[in-house]
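S.K.: Quick one: the structure is below, and I'll ask about it shortly.
The values are calculated or read from the model by the stated rules, or taken from the named source; none is laboratory data. Predicted, not measured: the structure shown is a model, and the values here were computed from it. Cβ: placed from backbone, ideal geometry, glycine included. Neighbour counts: every protein chain shown. SASA here: full protein model, heavy atoms, side chains in, ligands and nucleic acids out. Shrake-Rupley method; radii C 1.70, N 1.55, O 1.52, S 1.80 Å.
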Amino acid sequence: MAAVDDLQFEEFGDVATSLAANPDATTINIEGPGESPKRPGPPRGSGREEDDELLGNDDSDKTELLAGQKKSSPFWTFEYYQTFFDVDTYQVFDRIKGSLLPIPGKNFVRLYIRSNPDLYGPFWICATLVFAIAISGNLSNFLIHLGEKSYHYVPEFRKVSIAATVIYAYAWLVPFALWGFLLWRNSKVMNIVSYSFLEIVCVYGYSLFIYIPTAILWIIPQKAVRWILVMMALGISGSVLAMTFWPAVREDNRRVALATIVTIVLLHTLLSVGCLAYFFDAPEVDHLPTTAVVPNQTVTAAKSS
């Protein structure tokens, strides 16, 4: 029978000290197979932490790696397209807020898009913008000519189809062309930051949100107010695009990088000014009365009498 002393617990010292005293002792590792002992790493500098926090390098890169491990469904299945709309309300509002409040030094793709790029927000933002421009354009035309006896209001439903064609063509064709250009430049310059086509569509879609309240305010029948509003909206949305795509081209040739950013801003300006000029400042001549020359029969009747 074992003695009482043999049943008492015994405290063991450090593992390294025990192995030094008895080299032939057997050790057992009770940690998991995938775990490794944590070793204290060098302290990170405050500057590096600020850069990572500013650009979202750590979280976005980890999320990107985890997203790459997800199993993707075939493109002919409903599940494949369902992933593009798998986004919650909080993420959509957060991305809208980021497009309205661009901060220099923050990358819109890394902070808001890369973790889960979606088509839900861009699709409904473009749809809302189409109806906002078409309805506001009709109301603006009605308010301008309100009170004129010769004016008869006729709804212009063709503006809806024209606005839809312009907005959706811009939100898809321009990102597609930019994506192809970045792929081509990436083959020339290896260290260029690359964006996926879905990420570029996402950036363009959310950058158009500022034009929804702007189009509603364009109802005000004052050209000076309208041009001030369009310049403000263009400055906010254009800065989002410029600050997002500048990191993708800044390592390229200086002229090519500047030409790319200028082209992006010019196309965005063309969309803004074109919508304002066509849907709100276009001259309307349908309400003008048609004057016909009526012969004066009074003199003839007097002579005949």
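S.K.: Find all pairs meeting these conditions: Cβ atoms under 7 angstrom apart; at least six residues apart or on different chains; first residue within region 218-236 and farther than 24 Å from Tyr206 by Cα and at pLDDT 95 or above; second residue among the aliphatic types (A, V, I, L, M) and part of a helix (DSSP H, G or I).
M.R.: none
S.K.: I would also like to ask the following. Take Arg185 and tell me if it is charged (D, E, K, R) and free of Cβ contacts under 8 Å to residues at least 60 places away in the same chain.
M.R.: no
S.K.: Looking at the structure I just gave you, is Phe93 open to solvent by 80 Å² or more (accessible area, probe 1.4 Å), without any contact (Cβ under 8 Å) to a residue 40 or more places away in the chain and touching a helix residue (DSSP H, G or I) at 6+ places or on another chain (Cβ under 8 Å)? Spell out how you get there, then give the answer.
M.R.: Details: open to solvent by 80 Å² or more (accessible area, probe 1.4 Å): yes; without any contact (Cβ under 8 Å) to a residue 40 or more places away in the chain: yes; touching a helix residue (DSSP H, G or I) at 6+ places or on another chain (Cβ under 8 Å): no.
No, not satisfied.
S.K.: Here's another thing I want to ask about it. Yes or no: Ser237 farther than 24 Å from Thr263 by Cβ, surrounded by 14 or more Cβ atoms within 10 Å (Cβ to Cβ) and of a type in the set (Ser, Thr, Tyr)?
M.R.: Details: farther than 24 Å from Thr263 by Cβ: no; surrounded by 14 or more Cβ atoms within 10 Å (Cβ to Cβ): yes; of a type in the set (Ser, Thr, Tyr): yes.
Spelling it out, it is not the case that Ser237 is farther than 24 Å from Thr263 by Cβ, surrounded by 14 or more Cβ atoms within 10 Å (Cβ to Cβ) and of a type in the set (Ser, Thr, Tyr).
S.K.: Confirm whether Trp179 is of a type in the set (Phe, Trp, Tyr), assigned to a helix (DSSP H, G or I), farther than 26 Å from Val256 by Cα and open to solvent by 50 Å² or more (accessible area, probe 1.4 Å).
M.R.: No.
S.K.: Can you name the number of the only condition in (1) open to solvent by 30 Å² or more (accessible area, probe 1.4 Å); (2) in a helix (DSSP H, G or I); (3) among the β-branched types (Val, Ile, Thr); (4) in contact with a helix residue (DSSP H, G or I) (Cβ under 7 Å, 6 or more places away or on another chain) that Ile261 fails?
M.R.: Status for Ile261: all satisfied but (1).
S.K.: Looking at the structure I just gave you, is Leu111 out of contact with any helix residue (DSSP H, G or I) (no Cβ under 6 Å at 6 or more places or on another chain) and either over 30 Å from Ile219 (Cβ atoms) or assigned to a loop (DSSP other than H, G, I, E, B) (or both)?
M.R.: yes
S.K.: Considering only residues that are at pLDDT 90 or above and open to solvent by 40 Å² or more (accessible area, probe 1.4 Å), look in region 113-124 and name the one that is farthest from Ala248 (Cα to Cα).
M.R.: Looking at the filtered set, the residue picked out is Trp124.
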